[in-house]
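The values are calculated or read from the model by the stated rules, or taken from the named source; none is laboratory data. Keep in mind the model is a prediction, meaning the values are calculated, not measured. Don't worry about glycine lacking a Cβ; one is built from the backbone with ideal geometry, like all the others, and counts go over all protein chains shown.
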Amino acid sequence: MDTKRFIGFNILFLLILAILPAQQNLTITIVNNTMYKIQNVQIRMAGGDSWGEDRLSANQELPRREILTLQLPGQLNAINRYDIRLTDVGGGTYIKQNVIIQANSRIVFTFDDFDRE
């Protein structure tokens, strides 16, 4: 392979790498507009078998009308679907299923999201 061709392939390879989306985290905001303090926030890929770990740190609560900002793994500008479950201090749960999440999504939970099952 001659030098010009070798340099051309290297430049092409670098250009392809430059236009591929970088693996980044999705930042989302959860808004607690329920009537209660939230003690657990769990997220899973839509339709998953089990809920993920609690996204709140030990002894952390999400008060009424407050927000929580989270980082989810994913590619910036990629559309992902998740199920999100909040558990209040009384044990009640609020669920949103199959939520399309994009970078900087804002997900608002209200009493209408209360899981009556």
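Going through (1) surrounded by fewer than 17 Cβ atoms within 10 Å (Cβ to Cβ); (2) aromatic (Phe, Trp, Tyr); (3) in contact with a helix residue (DSSP H, G or I) (Cβ under 6 Å, 6 or more places away or on another chain) one by one, PHE111 falls short only on (3). Taking GLN97 as the residue in question, decide whether it is touching a residue at least 12 places away in the same chain (Cβ under 8 Å) and surrounded by 16 or more Cβ atoms within 10 Å (Cβ to Cβ). Taking the combined requirement at face value, the residue does not satisfy it. Has region 96-105 got any residue that is at pLDDT 90 or above, in contact with a helix residue (DSSP H, G or I) (Cβ under 9 Å, 6 or more places away or on another chain) and either on the phi < 0 side of the Ramachandran plot or of a type in the set (D, E, K, R) (or both)? Yes, because at least one residue in region 96-105 is at pLDDT 90 or above, in contact with a helix residue (DSSP H, G or I) (Cβ under 9 Å, 6 or more places away or on another chain) and either on the phi < 0 side of the Ramachandran plot or of a type in the set (D, E, K, R) (or both).
Do any strands (runs of 3 or more DSSP E) entirely within region 1-89 hold 1 or more residues that are at pLDDT below 95, touching a Leu at 6+ places or on another chain (Cβ under 9 Å) and of a type in the set (Gly, Ala, Ser), and if so, which?
Values: elements: 23-33, 38-45, 67-75, 80-88.
It comes to 67-75.
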